[in-house]
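J.: Sharing a structure below in C-alpha cells format, with a few things to ask.
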Amino acid sequence: MSLVRYLIFFISSLIIFSGAPFSSAENTQHEINVNKKNIDTIAFGSCAKEDRPQPIWNAILREKPDVFVFLGDNIYADTKKPQVIEEKYRKFSSIKGFKTLREKTEVIATWDDHDYGQNDAGEENPIKHESRKIMLDFWREPKDSPRYTQEGGIYTSYYFGDEQHRVQIILLDLRWNRSPINTVNALTYASRKLKDMGPYSPSNDESATFLGEEQWHWLEKELQKPAKVRILGSSLQLLADFTGWEAWANYPKDLERLFTIIKRHRVEGLFVISGDTHWAELSRYQEGLDYPLYDMTASGLTEEWHAVSPNKNRISATYAKANFGLIKIDWSASPITLSLGIKDVNGNLVVDKKLSLSELAHKKN
C-alpha cells in the first residue's frame with residue numbers, strides 16, 4: 001500500500017470510529033435535518049384544479065394534520081410555456097383553504113404529469129428543467145436543496161419524530177426519467193373503453209424505467225434507514241393490477257425491482273399512498289412478499305371520474321367524488337396501530353382500514 005493510500009485509509013478510519021457523520025449529500029440531506037417533533041396525523045391528496053372551488057380544505061383543516069402530502073397534479077398546467085405554470089401556481093396560492101393549510105401545517109409535495117407540464121409526459125418533456133425550478137420555488141424548497149439539480153428529478157424524503165416515533169415519508173419522481181409509455185392501437189383502445197380502461201400497455205423493454213438508475217440507488221439506501229413507519233408517496237398507483245391508465249403496472253420490471261429491494265433488505269413498516277386516478281380506493285398485494293403491501297389512493301381534491309377501472313388487488317369500496325387521505329398513528333397502542341382512511345368533502349369516512357404495525361413486518365426465521 002502506498003503512503004498516500006495508507007494515509008487516506010487511516011484518516012477515513014478515524015472518522016468512522018469517532019462516530020462523525022457521513023458527509024455525502026445524498027445520505028445526510030434529511031438525516032441532519034430530522035424534524036424531532038413526534039407526529040401522529042398525516043393527510044394527503046392529489047388532483048386539485050386551481051380554477052375550481054376547493055371546499056375540501058375545510059374538512060382537511062378540521063383534522064389538524066401534522067403534515068399534508070401533495071402527491072401530484074397539484075395544479076393543471078398542460079403547457080410548453082413556463083409562464084403558464086407560474087400563473088397556475090399563483091392562482092392556487094390565492095385559494096383561502098390552501099393558504100390556511102400552509103400557515104398551520106407542514107406541507108410537502110411531489111408532482112405528476114399536469115404540474116410537471118404535459119399530460120402523461122415522461123423524460124421527453126421539453127420544459128422539465130424550467131418546470132422543476134418553478135415547482136420547487138412554489139413549495140419553498142431550500143435553495144441549496146439537491147432537488148434543484150439532481151439528475152433523477154425531484155425525489156426526496158423526510159423524517160419526523162424521535163427514534164421510537166420515527167416516521168419516514170419518501171416522495172418519488174415518476175416523471176423526470178420515465179421511459180416512453182406503450183400505447184395500444186385505436187381498435188384495441190375502443191374495446192377497452194367499454195371496460196373503463198385506458199390506452200396503455202405494459203412494457204417488455206429491458207431498459208424501460210420509471211425512476212432512472214440514480215433514483216433507484218437513492219431509494220434502496222433510503223429504505224435501509226431506520227424508521228418505525230415508512231410511507232412511500234407515489235404519484236401513480238403502485239398496486240393496481242392493470243387499468244390501462246398510467247400506473248406501475250406499465251413498468252413491471254420496475255415494480256418487481258421494488259419488491260426485490262423490500263425483500264432483500266427486510267424493509268418493515270412500509271405502505272404506499274398514491275394519487276392520479278380521480279377516484280379513491282385501497283389495494284393490497286402480497287405475492288412473493290413476506291407481508292402484505294397496501295396502497296391507499298386518494299384522488300382528487302377537486303377532480304372526479306365518470307367510471308372506475310377494474311383492479312383485482314382492490315380490497316375496498318371505491319369513491320369517485322372529491323376526497324382526501326388520512327393516516328392516524330396510535331403510538332400508545334401495543335403494538336402500534338395505523339388507521340388509513342379516505343374522507344369526503346364533508347369529512348365523512350368513506351374508505352377505512354386499520355392495521356397493526358406488526359402486520360407490516362417480515363416473518364421471523
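J.: Can you give the angle from 0 to 90° between the axis of helix 128-138 and the longest principal axis of the chain, with both taken from C-alpha atoms, to the nearest 10?
T.: Between helix and principal axis, roughly 90 degrees.
J.: To make sure I understand the rule: partners must be aspartates and glutamates, Cα under 13 Å from the Cα of K343, and not fewer than 8 residues away in the same chain. Which ones qualify?
T.: Correct list for K343: E63, E281, D352.
J.: Another question about this same structure. How far is helix 213-222 tilted, in degrees, relative to the longest principal axis of the Cα atoms in the chain, given as a value from 0 to 90 rounded to the nearest 10?
T.: 70
J.: State the extension gain, in nm to one decimal, for the chain segment bounded by H362 and E86, taking 0.36 nm per residue of separation less the distance between their alpha-carbons.
T.: Net length gain for the segment: 94.8 nm.
J.: May I pose another question? Normalising by the residue count of the chain, find the relative contact order in percent from Cα pairs under 8 Å and 6+ residues apart. Don't jump to the answer; show the numbers that get you there.
T.: Numbers: 787 pairs, mean separation 60.2, N = 365.
Relative contact order of the chain: 16 percent.
J.: Can you match percent of Cα pairs over 37 Å apart to one of these, [x] 13; [y] 17; [z] 21, based on a calculation from the structure here?
T.: Read-out from the structure maps to [y].
J.: Let me ask something else. Among the trypsin sites (Lys or Arg not before Pro) within the stretch 101-193, which fall in a DSSP loop and have no more than 14 other Cβ atoms within 10 Å of their own Cβ? Kindly include the intermediate steps, with their values, before the conclusion.
T.: Values: sites: R102, K104, K128, R132, K133, R140, K143, R147, R166, R175, R178, R192, K193; in loops: R140, K143, R166, R175, R178.
Answer by residue number: R140, K143.
J.: So if I take the centroid of the Cα atoms in the stretch 59-130 and the same for the stretch 298-317, what is the distance between those two points in Å?
T.: Rounded to whole Å, the Cα centres lie 21 Å apart.
J.: Taking 45 Å as R0, compute the FRET efficiency from the Cβ-Cβ separation of A333 and L187 and round it to 0.05. Could you put the intermediate results ahead of the total?
T.: On the way: r = 54 Å, r/R0 = 1.20.
Efficiency, from the Cβ-Cβ distance: 0.25.
J.: In deg cm²/dmol and to the nearest 500, what is the mean residue ellipticity at 222 nm of the chain if only DSSP H runs of at least 4 residues count, each as -39500 (n - 2.57), divided by the residue total?
T.: Working: 10 runs with 93 residues, N = 365.
Value at 222 nm, helices only, nearest 500: -7500 deg cm²/dmol.
J.: Does a label point 7 Å from the Cα of L194, set along Cα-to-beta-carbon, have any residues of the stretch 240-273 with amide nitrogen under 19 Å, and which are they?
T.: Within reach of a label on L194: 243-245.
J.: Applying 1/(1 + (r/R0)^6) with R0 = 35 Å to the Cβ-Cβ distance of N348 and D137, what FRET efficiency is obtained, to the nearest 0.05?
T.: After rounding, the FRET efficiency stands at 0.45.
J.: Once the Cα atoms of helix 252-264 and of the chain are each reduced to a long axis, what angle between those two axes, in degrees from 0 to 90 to the nearest 10, is obtained?
T.: The angle comes out near 40 degrees.
J.: Looking at the stretch 29-113, which chymotrypsin sites (Phe, Trp or Tyr not before Pro) are DSSP coil and have at most 16 other C-beta atoms within 10 Å of their C-beta?
T.: none
J.: Another one. What FRET efficiency comes out for the pair S94/K37, r = Cβ-Cβ distance, R0 = 41 Å, nearest 0.05?
T.: 0.90
J.: Please compute the length gained on full extension between T260 and D51, using 0.36 nm multiplied by the number of residues separating them and subtracting their Cα-Cα distance.
T.: Fully extending the segment from T260 to D51 adds 71.0 nm.
J.: Something else about it: At a probe radius of 1.4 Å, what is the per-residue accessible area of K80, in Å² to the nearest 10?
T.: My reading of the accessible area for K80 is about 140 Å².
J.: Same structure, new question: Run the accessible area of the chain with a 1.4 Å probe and give the carbon-and-sulfur part as a rounded percent.
T.: Carbon with sulfur: 52 percent of the solvent-accessible area.
J.: How much area per residue is accessible in the stretch 211-284 when the probe is 1.4 Å and only protein heavy atoms are counted (Å²)?
T.: It amounts to 28 Å² per residue over the stretch 211-284.
J.: Write down the percent of antiparallel bridges among all DSSP beta bridges whose residues are both part of the chain, to the nearest 5.
T.: 60
J.: Determine the gain in length on full extension of the stretch V107-E151; use 0.36 nm per residue of separation and subtract their C-alpha separation, reporting nm with one decimal.
T.: Length difference between fully extended and current span is 13.5 nm.
The values are calculated or read from the model by the stated rules, or taken from the named source; none is laboratory data. Because the structure is a prediction, the values reported are computed rather than measured. Positions of Cβ are generated from backbone atoms using ideal geometry, with glycine treated the same way; all protein chains shown enter the neighbour counts. SASA here: full protein model, heavy atoms, side chains in, ligands and nucleic acids out. Shrake-Rupley method; radii C 1.70, N 1.55, O 1.52, S 1.80 Å.
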